[in-house]
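What follows is a single structure, written as structure tokens, with notes after it.
The values are calculated or read from the model by the stated rules, or taken from the named source; none is laboratory data. Because the structure is predicted, anything quoted here is derived from the model rather than measured. Here the Cβ positions follow ideal geometry from the backbone for every residue, glycine too, while neighbour counts run over all protein chains shown. Only protein heavy atoms, including side chains, enter the accessible area calculation; ligands, DNA and RNA are left aside. Shrake-Rupley method; radii C 1.70, N 1.55, O 1.52, S 1.80 Å.
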Amino acid sequence: NAGVTQTPKFQVLKTGQSMTLQCAQDMNHNSMYWYRQDPGMGLRLIYYSASEGTTDKGEVPNGYNVSRLNKREFSLRLESAAPSQTSVYFCASITLDEQYFGPGTRLTVT
Amino acid sequence: AQSVTQLDSQVPVFEEAPVELRCNYSSSVSVYLFWYVQYPNQGLQLLLKYLSGSTLVKGINGFEAEFNKSQTSFHLRKPSVHISDTAEYFCAVIEGTGNQFYFGTGTSLTVIP
């Protein structure tokens, strides 16, 4: 089944801890995206990758790093989590004809 | 950078009344436009999209939107809403020459019985 898988679904971190959110797509799309969703602010673009091996900053990249090691996978890393990074994170694999979103990761940083 | 503006953060409307959710974008180049719906605690679902052709686009659940290039708008409409339409609605845009897919801040539609 075509789609985007995202792990984990839930995570609680303490301030200063690190973690990596994993995302994978099986549609052979070039472009993949990471968003965060916060109440009243919609989905804000953190980073995107137009093709394997390339990444670019979006609207809110500070505090995050990404890695696109192959066409299928696009990971998001928080090196030192802060309470301001408490959010729901969505990965997406998007072309003009097809747009797939992962189920989201609910992250709480205490 | 591209931006998407949804002026109305909350829209209450009575059941069976018409509704319009507004979306404006800032771009001088060609764009592709999308509307998504998000029900509580769920992911995003595509309602409709404009890529080219007719400026009036029909989507799922009785929604439609009209692309107006001169006004840089892509407003979403439904002639008669149901309780089940209560949800968050997001407008999104991607430039024809770019890869960045931007969302608006969302409009919370509440249908009142």
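List of remarks:
- The single condition from (1) among the small types (Gly, Ala, Ser); (2) touching a helix residue (DSSP H, G or I) at 6+ places or on another chain (Cβ under 7 Å); (3) within 14 Å of chain B (Cβ to nearest Cβ) that A:ALA92 fails is (2).
- The residue pairs whose first member lies in region A:93-110 and is without any contact (Cβ under 8 Å) to a residue 40 or more places away in the chain, whose second member is part of a strand (DSSP E or B), and whose beta carbons are closer than 7 Å, counting only pairs six or more residues apart or on different chains, are A:LEU96/B:TYR32; A:GLN99/A:ALA92; A:GLN99/B:LEU46.
- A:ARG77 under 10 Å from the mean Cα position of the chain (by Cα), open to solvent by 10 Å² or more (accessible area, probe 1.4 Å) and basic (Lys, Arg): yes
- In region A:28-38, the qualifying residues are those that are more than 9 Å from every other protein chain (Cβ to nearest Cβ) and of a type outside the set (Asp, Glu), and the one that is surrounded by the fewest Cβ atoms within 10 Å (Cβ to Cβ) is A:ASN28.
- Residue in region B:41-56 that is within 14 Å of chain A (Cβ to nearest Cβ) and open to solvent by less than 20 Å² (accessible area, probe 1.4 Å) present: yes
- For region B:1-23, the candidate set comprises residues that are modelled with pLDDT of 95 or more and assigned to a strand (DSSP E or B); within that set, the residue that is nearest to the other protein chains (Cβ to nearest Cβ) is B:GLN10.
- Number of the exception - A:GLY42 against (1) at positive phi; (2) touching a residue at least 60 places away in the same chain (Cβ under 8 Å): (2)
- If you go through region A:2-23 and keep only what is without any contact (Cβ under 8 Å) to a residue 60 or more places away in the chain and open to solvent by 60 Å² or more (accessible area, probe 1.4 Å), you end up with just A:GLN22.
- Scanning region A:39-54 for residues that are of a type outside the set (Lys, Arg) and either facing another protein chain (nearest Cβ under 9 Å) or exposed (fewer than 14 other Cβ atoms within 10 Å of the Cβ) (or both) returns A:PRO39, A:GLY40, A:MET41, A:GLY42, A:LEU43, A:LEU45, A:TYR48, A:SER49, A:ALA50, A:SER51, A:GLY53, A:THR54.
- In region B:62-113, the residues that are hydroxyl-bearing (Ser, Thr, Tyr), open to solvent by 30 Å² or more (accessible area, probe 1.4 Å), modelled with pLDDT under 95 and under 15 Å from the mean Cα position of the chain (by Cα): B:THR72, B:THR105
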